[in-house]
Amino acid sequence: MRTTLDTPYLDARADALSFALGLPPLDALAVLPVERAGLTVELRLLGASHQVIAGPLSETVACLPAGAGPLPGRASASLPADAARPAWAYEFTAATAAHADAAAFARAVETVRARLADRGDALTGDFPGSEHAVTALAVEDTDIGIGWRTWHAYPQTREIVMTRSRLVRPS
């Protein structure tokens, strides 16, 4: 699903992103629920990037208030079992690609848009004010659980932050 977001573009630089686990649902501009592995994975576009809620997990990558941690290259967590669900392991990675010129950046953004265009398990948000100000999320099936990928495009700096997350089923 592709949508044009009715909000000013807030993220000006990739290095302004923060990472948090366990936040409650934040106000979202667009939401796409996707069923996978017995869980609802809720892809949420925020005015300041994204939030994914997958069963017991809430992952937020956004411009967050003071006190939130910076965006790590890697993170992991264990989600203990309770009466309603088994334990899961969570893995997160992030990388930033800097593009040398505006044309290379535009091609990279268009590649992401094209890859996700007809998928019912992907959400792409176009921010007004810049043709290539985009945040995109997509669910990714894995043989050991469920996952999702995100892309955050920053036209001002020609950077794209890419994240990959997985919830791994207990063995």
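Based on this model, can you work out whether ALA89 counts as assigned to a strand (DSSP E or B) and out of contact with any helix residue (DSSP H, G or I) (no Cβ under 7 Å at 6 or more places or on another chain)?
On the way: assigned to a strand (DSSP E or B): yes; out of contact with any helix residue (DSSP H, G or I) (no Cβ under 7 Å at 6 or more places or on another chain): yes.
So ALA89 fits the description; yes.
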| said: Can you name every one of the strands (runs of 3 or more DSSP E) wholly within the stretch 104-171 that holds 3 or more residues which are more than 11 Å from the chain's Cα centre (by Cα) and either within 18 Å of SER76 (Cα to Cα) or among the polar types (S, T, N, Q) (or both)? | reply: 159-168
| Does at least one position in the stretch 41-48 carry a residue that is at pLDDT 90 or above and either surrounded by fewer than 17 Cβ atoms within 10 Å (Cβ to Cβ) or among the β-branched types (Val, Ile, Thr) (or both)? | yes
| field | Odd one out for ALA95, checked against (1) out of contact with any Gly (no Cβ under 9 Å at 6 or more places or on another chain); (2) surrounded by fewer than 18 Cβ atoms within 10 Å (Cβ to Cβ) | value | (1)
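Here is a yes/no grid of residues against (1) surrounded by fewer than 15 Cβ atoms within 10 Å (Cβ to Cβ); (2) under 23 Å from VAL34 (Cα atoms); (3) touching an Asp or Glu at 6+ places or on another chain (Cβ under 9 Å); (4) acidic (Asp, Glu):
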| residue | (1), (2), (3), (4) |
| --- | --- |
| ARG85 | yes, yes, no, no |
| ARG107 | yes, no, no, no |
| ASP121 | no, yes, yes, yes |
| GLY129 | yes, no, no, no |
| VAL134 | no, yes, yes, no |
| request: Could you tell me whether any residue of the stretch 103-122 is touching a helix residue (DSSP H, G or I) at 6+ places or on another chain (Cβ under 8 Å) and within 19 Å of HIS152 (Cα to Cα)? | output: yes
| query | Based on what the data block shows, is LEU167 within 20 Å of PRO86 (Cβ to Cβ), out of contact with any Lys or Arg (no Cβ under 6 Å at 6 or more places or on another chain) and buried (at least 20 other Cβ atoms within 10 Å of the Cβ)? | reply | yes
| message | Out of the residues in the stretch 12-24 meeting the condition of being under 14 Å from the mean Cα position of the chain (by Cα) and within 28 Å of PRO155 (Cβ to Cβ), tell me which one is modelled with the lowest pLDDT. | response | ALA14
| field | Residues (in contact (Cβ under 8 Å) with a residue 24 or more places away in the chain and over 22 Å from GLY147 (Cβ atoms)) located in the stretch 110-125 | value | none
| field | Residue ranges of strands (runs of 3 or more DSSP E) in the stretch 1-82 with at least 1 members without any contact (Cβ under 8 Å) to a residue 12 or more places away in the chain | value | 30-36
| said: Looking at the stretch 133-144, I want the residues that are over 23 Å from LEU5 (Cβ atoms) and have a partner that is in a loop (DSSP other than H, G, I, E, B) with Cβ atoms under 7 Å, at least 6 apart or on another chain. Which pairs are those? | reply: ILE144/ARG169
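Of all residues in the stretch 57-84, how many are within 26 Å of ASP143 (Cβ to Cβ) and at pLDDT 85 or above?
Start the filter on the stretch 57-84 by keeping residues that are within 26 Å of ASP143 (Cβ to Cβ), which leaves 57-59, 61, 72-82, 84.
With at pLDDT 85 or above added as a condition, the list becomes 57-59, 61, 72-78.
Number of matching residues: 11.
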| Scanning the stretch 29-40 for residues that are surrounded by fewer than 18 Cβ atoms within 10 Å (Cβ to Cβ) and among the hydrophobic types (A, V, I, L, M, F, W, C), which turns out modelled with the lowest pLDDT? | ALA37
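The values are calculated or read from the model by the stated rules, or taken from the named source; none is laboratory data. Quick caveat: nothing in here was measured; it's all calculated off a predicted structure. For neighbour counting, all protein chains shown are included, and Cβ atoms are generated from backbone atoms with ideal geometry for every residue, glycine included.
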